[in-house]
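A.B. asks: The structure is given below, and queries will be raised subsequently.
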Amino acid sequence: MKKIWMIVLVALAACQAKKSTTEVSQQAIPPSTKALVSIDDASLLISDYLTNSRIDLSNYTLGGVLPVADFTPDEKNEGLLMWYCFDAATKQLFMAVEPYQHYDTANLPKAPVQAVLKRPETTFLYTDASPTEKDVKDFILNQKITGPSTRIDNASVSRFVTSFDSLMQKTTDDTGVTYQKYPFNYFIWGSDYKTFVNWAGKDGFIRYYLGYGERYKSNRIRIILIATDKDGNTKTGALELYDDGGQGLQNGWPPPPPII
């Protein structure tokens, strides 16, 4: 009888271990698989970026626009890398995008992989010196902007990425930690991402905005993606994947999660 009880206890322990492993696995799901945000949440992140006097990048850009085709998943890659680029000569800050085969937090990319990347032909500013969340929300909803992307070679992107990194290393918080340790952001092509891109439509556009959040100390600049139709009108119908009615994608996967 004692032997039987020992077998039962071992079996129960194995089941508990399996359950714990499952729970850990679920907790380890990267934030980019659940990154939908409402327009209100996006407006808060963007207004915090615009009013942050320490970072003060809003004189260079608030965001840009690219065709939805530049964000469309393919079968060869797992996600999209967006590189922060700063052209010191023109004082322009923009994002260069490329599909990326596999993102490994233990082996972070040091430079773009593709020979040719895409960058927006059109970027935009926000000129109000003290915007409220409502001001930013109205700006997002009423903005009508479209524009093609242009090709940019790997070497040029690498040069602009280095320039951005040098710019950010001079910008630190009270403890001396930079606000942006890594010059890129990554979106996994998970179910939310694919639903968002399909929602935008094949002839639509994706506007990206820079936002600011304190959740990840290594990279506190956030990327918010907002969908538009072919005429540049902001799409406002909720995706209905979550109760909060997410209408855009925020952040992706900051490198590396969660805090460094």
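The values are calculated or read from the model by the stated rules, or taken from the named source; none is laboratory data. Just so you know, these numbers come straight off a predicted model, no measurement behind them. Please note: Cβ atoms are built from the backbone with ideal geometry, for glycine as well, and neighbour counts cover all protein chains shown.
For every residue, the table says whether it meets (1) hydrophobic (A, V, I, L, M, F, W, C); (2) in contact with a Lys or Arg (Cβ under 7 Å, 6 or more places away or on another chain).
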residue	(1), (2)
Leu81	yes, no
Val97	yes, yes
Asp135	no, no
Val161	yes, no
Lys181	no, no
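A.B. asks: Can you say whether Ile7 is aliphatic (A, V, I, L, M), part of a loop (DSSP other than H, G, I, E, B), out of contact with any strand residue (DSSP E or B) (no Cβ under 6 Å at 6 or more places or on another chain) and modelled with pLDDT under 90, as far as the supplied structure shows?
C.D. replies: No: the conditions fail for Ile7.
A.B. asks: Within segment 187-208, how many residues are over 12 Å from Ile224 (Cα atoms) and either part of a strand (DSSP E or B) or not aromatic (Phe, Trp, Tyr) (or both)?
C.D. replies: Count: 14.
A.B. asks: Do you know which of the residues in segment 230-248 that are under 21 Å from Ile145 (Cα atoms) and touching a strand residue (DSSP E or B) at 6+ places or on another chain (Cβ under 8 Å) is modelled with the lowest pLDDT?
C.D. replies: Gln247
A.B. asks: Identify the single condition in (1) of a type in the set (Val, Ile, Thr); (2) at pLDDT below 90; (3) within 19 Å of Arg222 (Cβ to Cβ) that Ile140 does not satisfy, given that it satisfies every other one.
C.D. replies: Result: Ile140 passes all but (2).
A.B. asks: Here is a follow-up. Restricting to segment 147-195, count the residues that are buried (at least 18 other Cβ atoms within 10 Å of the Cβ), in contact with an Asp or Glu (Cβ under 8 Å, 6 or more places away or on another chain) and more than 30 Å from Ser53 (Cβ to Cβ).
C.D. replies: 3
A.B. asks: Kindly provide the set of residues from segment 172-222 that are of a type in the set (Ser, Thr, Tyr) and closer than 20 Å to Thr72 by Cα, ordered by number.
C.D. replies: Tyr186, Ser191, Tyr193, Thr195, Tyr208, Tyr209
A.B. asks: Here is a further query. For segment 40-67, enumerate the residues that are among the aliphatic types (A, V, I, L, M) and buried (at least 21 other Cβ atoms within 10 Å of the Cβ).
C.D. replies: Ala42, Leu45, Ile46, Leu50, Leu57, Leu62, Val65, Leu66
A.B. asks: Looking at Tyr84, Tyr103, which one is among the hydroxyl-bearing types (Ser, Thr, Tyr) and touching a strand residue (DSSP E or B) at 6+ places or on another chain (Cβ under 6 Å)?
C.D. replies: Every option except Tyr103 fails the conditions.
A.B. asks: Additional query: For Gln143, which of the numbered conditions (1) in contact (Cβ under 8 Å) with a residue 12 or more places away in the chain; (2) in contact with a Cys (Cβ under 9 Å, 6 or more places away or on another chain) fails to hold?
C.D. replies: (2)
A.B. asks: Identify, from the list Lys91, Lys137, the residue that is in contact (Cβ under 8 Å) with a residue 12 or more places away in the chain, under 26 Å from Asp56 (Cα atoms) and surrounded by 14 or more Cβ atoms within 10 Å (Cβ to Cβ).
C.D. replies: Only one candidate qualifies: Lys137.
A.B. asks: Another question, then. Can you tell me which residue in segment 144-186 is farthest from Leu80 (Cα to Cα), limited to those that are more than 20 Å from the chain's Cα centre (by Cα) and charged (D, E, K, R)?
C.D. replies: Taking the candidates together, the pick is Asp174.
A.B. asks: Sticking with this one: Could you list, in sequence order, the residues of segment 74-97 that are farther than 16 Å from Phe160 by Cα and either in a strand (DSSP E or B) or in contact with a Pro (Cβ under 8 Å, 6 or more places away or on another chain) (or both)?
C.D. replies: Correct list: Asp74, Lys76, Asn77, Gly79, Leu80.
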